[in-house]
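Here the structure is laid out as structure tokens; the discussion comes afterwards.
The values are calculated or read from the model by the stated rules, or taken from the named source; none is laboratory data. The structure displayed is predicted, hence computed values, not measured ones. Positions of Cβ are generated from backbone atoms using ideal geometry, with glycine treated the same way; all protein chains shown enter the neighbour counts. These accessible areas exclude ligands, DNA and RNA; they are computed on the full protein's heavy atoms, side chains included. Shrake-Rupley method; radii C 1.70, N 1.55, O 1.52, S 1.80 Å.
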Amino acid sequence: MALQRSIKNTKPITYFTNPKWVSNLYPLRRFSSPPELPPFDHQPAPYNGPSADQVFEKRKKYLGPSLFHYYQKPLNIVEGKMQYLFDENGKRYLDAFAGIVTVSCGHCHPEILKAIEEQNKLLQHVTTIYLHHAIGDFAEGLAAKMPGNLKVVYFVNSGTEANELAMLMARLYSGNLGMIALRNAYHGGSAGTIGLTALNTWKYPIPQGEIHHVVNPNPYRGVFGSDGSMYAQDVQDHIDHGTSGRVAGFISETIQGVGGAVELAPGYLKLVYEMVRKAGGVCIADEVQTGFGRTGSHYWGFQTQDVIPDIVTMAKGIGNGLPLGAVVTTPEIAQVLAQKIQFNTFGGNPVCSAGGLAVLKVLDKENRQKHCSDVGSHLIARLKNLQQKFDIIGDVRGRGLMLGIELVTDRKDKTPAKAETAVLFEKLREVGVLVGKGGLHGNVFRIKPPMCFNKDDADFLVDALDYSLSKL
């Protein structure tokens, strides 16, 4: 009822702008009933486990109260296959969020499962104090995907760990402490990376260290629109007035994930990297969400800005769901860690390394980068046509299968449509689509599915959104 009241009291807006509007490419659909999921040849196994209510009660009793869940009635997901998930009742959902941009090749991809299972039978774990070919094979495969002299790999277990290690490297190599990050960024939730993160919903009131957040080059909401050079001037202004003139490094995502799929203004990173390097710092690209071809146009997100970082961090899609992350840097920068013992118990674990190498092979074999480009272009075109129909869609943005849909109550003032987003979120679930939410106000739908997501899935997603908006 509270949610209904909040919507009732919101300033009235027009959702359906032109009932006679028809796109030349995608004719206007009128739905008397919800659209149906595309056919899929998979029958989920019968589920005889605990119910959603039982699982939720145990979670509340034994797990930390900081955990959050999606949907008013949490989903009990018990099986996954490629781009689809199944609940306890066997209902199928289109997974348009991929375990928070983590399942790159598809849920339970057979070739990745095979690699994991074969290694699991032989040896589950040794550390790097012994030799094992899996970690070297994986590192070699990963280094082959990197440009320039980015050839030395450190394996960790998550994106947070990767960014912690990258920040340590930057400070040791430069001899400076001050880090620069962007407002609206997310780089992790540990005591160190929480300082790099710049969304108050994810930050605890603890010291964040020598970290400064500069103006975010957001083309939709930023003060300078798409002018990357104007945003870059704020970085130089900080170096000139907020530091000794020397910094440790600069870190950024290329398309901000948790912040709502915000792609940085064109040309921004090239200018900033030059400024930071002149100030003695190193440049770090956080590829935790944008890496491995997801953007379609390039294998790495930083390539969309025509730059080569000094350090690259990655996780999520690198393991298709395995707890795996990595930091890749140059031999020169890597050398700074050799002055002490640097060790990670599970980094490069044989099972995770075998799975990670299988991910790289599958992405190449199935040509997923081009697939993301083709399907993403199709999806963006359809979403932009839907934007012409519904005023609540303020912005459609992103690349490949790394997209965002920002919902607003007023296109001029860009007022976040928080209550409406919450209602649509539930409606999409009812129809069979699972999306993510992002942005400081939670008014951006994050569309980042497994990279096997196809054009039929894209059409169903847009039709489901069309249907749900028409019922708003």
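Over segment 304-362, what number does the Rg to Rh ratio reach, with both radii from the alpha-carbon atoms and Rh per Kirkwood?
Reported Rg/Rh (Cα atoms, Kirkwood Rh): 1.02.
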Mean shadow area of segment 239-348 over all directions, Cα convex hull, nm²: 8.6
For the chain, what does -39500 (n - 2.57) per DSSP helix run (n ≥ 4), summed and divided by total residues, give at 222 nm, in deg cm²/dmol to the nearest 500? -10500 deg cm²/dmol
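Eigenvalues of the Cα gyration tensor times 5, then square-rooted: what semi-axes does that give for segment 145-221, in whole angstrom, largest first?
Gyration-tensor ellipsoid for segment 145-221: 22, 16, 14 Å.
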Using Cα centres only, tell me the gap between segment 39-110 and segment 114-181 in whole Å. 29
Just to check, using Stokes-Einstein with a Kirkwood Rh over alpha carbon pairs, what's the diffusion coefficient of segment 253-412 at 37 °C and 0.692 mPa s in µm²/s? 186
Mind sorting out which of [x] 24.1, 77; [y] 22.5, 69; [z] 22.4, 73 is the real Rg and Dmax of the Cα atoms in Å computed from the coordinates? [y]
A correct Karplus calculation of ³J(HN,Hα) over segment 183-199, with 6.51 cos²θ - 1.76 cosθ + 1.60, θ = phi - 60°, whole Hz and x for Gly and Pro, returns 5, 6, 7, 9, 10, x, x, 7, 4, x, 6, 5, x, 6, 5, 9, 9
Please report, in Å, the Rg and the Dmax of segment 348-424, where both are computed over Cα atoms only. 18.1, 54
Average accessible area per residue (Å²) across the chain - probe 1.4 Å, nucleic acids and ligands excluded: 45
Under 5 Å from the placed amide H of residue 437, counting only residues 5+ away or on other chains, we find 446
Note, residue 287: beta-carbon cut-off 15 Å, +1 each Lys/Arg, -1 each Asp/Glu, net 0
Peptide ranges 287-295, 122-130 listed from the most packed, as the mean C-beta count within 10 angstrom indicates: 287-295, 122-130
If you roll a 1.4 angstrom probe over the protein chains with everything in place, what fraction of the accessible area of the chain belongs to carbon and sulfur, to the nearest %? 54
Hey, how many Å between the Cα centroid of segment 341-384 and the Cα centroid of segment 272-295? 19
Show the residues, 5+ positions off or on another chain, whose built amide H is closer than 5 Å to the amide H of residue 156. 325, 326, 327, 348
Taking every other residue with Cβ under 12 Å from the Cβ of residue 185 and scoring Lys and Arg +1, Asp and Glu -1, one gets 0
Burial order of peptide ranges 139-150, 383-394, 318-329 (average beta-carbon count within 10 Å, highest first): 318-329, 383-394, 139-150
